[in-house]
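One structure below.
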Amino acid sequence: MFIRTFLDLYILLVGVTTRILATGFQMDFTVMNRIWCKARSGFIDINTQSTYTLICLQAIDAFICSSSSVVVRQKSNIRVARCLIVGTVCFWCIHEIPYFIFQDLVIVGGTPMCITTNTIYAQYRSYIVILGILTIIPIIVISIFGFFNVRHMKTIGVKRLLSSFTRQTISMALFQILAVLVFTSLFAASQIYSIITANVAKGSYRRAVEQLITSFIATYGYGPYASSFYCYCLSKRFRNQLIVSLKEVVGSIHKNQVFPVIQRNRDHN
């Protein structure tokens, strides 16, 4: 969950900022610079795919932690989590290599456009990556394990077995699962509609309305990446820990200072 916050922060800073500049101020740097055309969506996709994978793993981990079996709960540990995080990031970095190859800045009808030059890979991204990996699969996985998590948490016996920290961690995971369902479901419906109506003849008014709705949904879809911040803010334990940590950092200059014997004697004199 902690590592995910850095991935979410990168997506919000780079993704939302550049989208505001492109949509609101007509400053789209992807059609001005070839390197940025390849890098922007490529690195955002790596972080996005890693985030949704970690959300699914988080839902599974919460399901394991809420189990009534001690043996099952012991399967959740830091060592396994670190391996899964490193493996997830490395896998999606390798998966995104073709994007950096096929994505390019080209001139279409006298207008510069940042598009995927390979038709097969473009279809793969539309049907498999965007519709499958980033929408349908995460919704199915977190819905199934979120349902079982709620069932476990409602069990009185399990609540007695779990520590307050574990219960709070599971509650935070459920909050983030809910946020993903709320924000991603609308994006999934939009993608399905776009694929179904791809070959339908549309008038200028319908295209204008669809463009407005698509822009709203594209910005609305950044909601899951902001849920980590609110999740930590809603947790009293983590808020208190943050305050303590900040006080320790600020007060570390004035605390636990070791002075030499010569300096200490001079101070007394």
Kindly indicate whether any position in region 113-129 is in contact (Cβ under 8 Å) with a residue 40 or more places away in the chain and of a type in the set (V, I, T). yes
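So which of F43, F29, F25 is touching a Phe, Trp or Tyr at 6+ places or on another chain (Cβ under 7 Å) and within 30 Å of G109 (Cα to Cα)?
F29
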How do the pairs read when you match residues in region 178-194 that are within 19 Å of T53 (Cα to Cα) and β-branched (V, I, T) with residues anywhere that are in a helix (DSSP H, G or I) and at pLDDT below 85, using Cβ under 8 Å and keeping only pairs 6 or more apart or on different chains? V180/P224; V180/S227; V182/G223; T184/P224
What is the number of the single condition among (1) touching a helix residue (DSSP H, G or I) at 6+ places or on another chain (Cβ under 6 Å); (2) modelled with pLDDT under 85; (3) small (G, A, S) that S190 does not meet? (2)
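Conditions (1) without any contact (Cβ under 8 Å) to a residue 40 or more places away in the chain; (2) under 25 Å from I177 (Cα atoms), marked per residue:
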site: L54; (1), (2): no, yes
site: Q74; (1), (2): yes, yes
site: G110; (1), (2): yes, no
site: P138; (1), (2): no, yes
site: F148; (1), (2): no, yes
Filter the helices (runs of 4 or more DSSP H) completely within region 14-127 down to those with at least 2 residues that are exposed (fewer than 15 other Cβ atoms within 10 Å of the Cβ). 17-24, 70-73, 78-95, 97-102, 119-124
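The values are calculated or read from the model by the stated rules, or taken from the named source; none is laboratory data. From a predicted model like this one, the values you see are computed outputs, not experimental measurements. Every residue, glycine among them, receives a Cβ derived from its backbone with ideal geometry; neighbour counts consider all protein chains shown.
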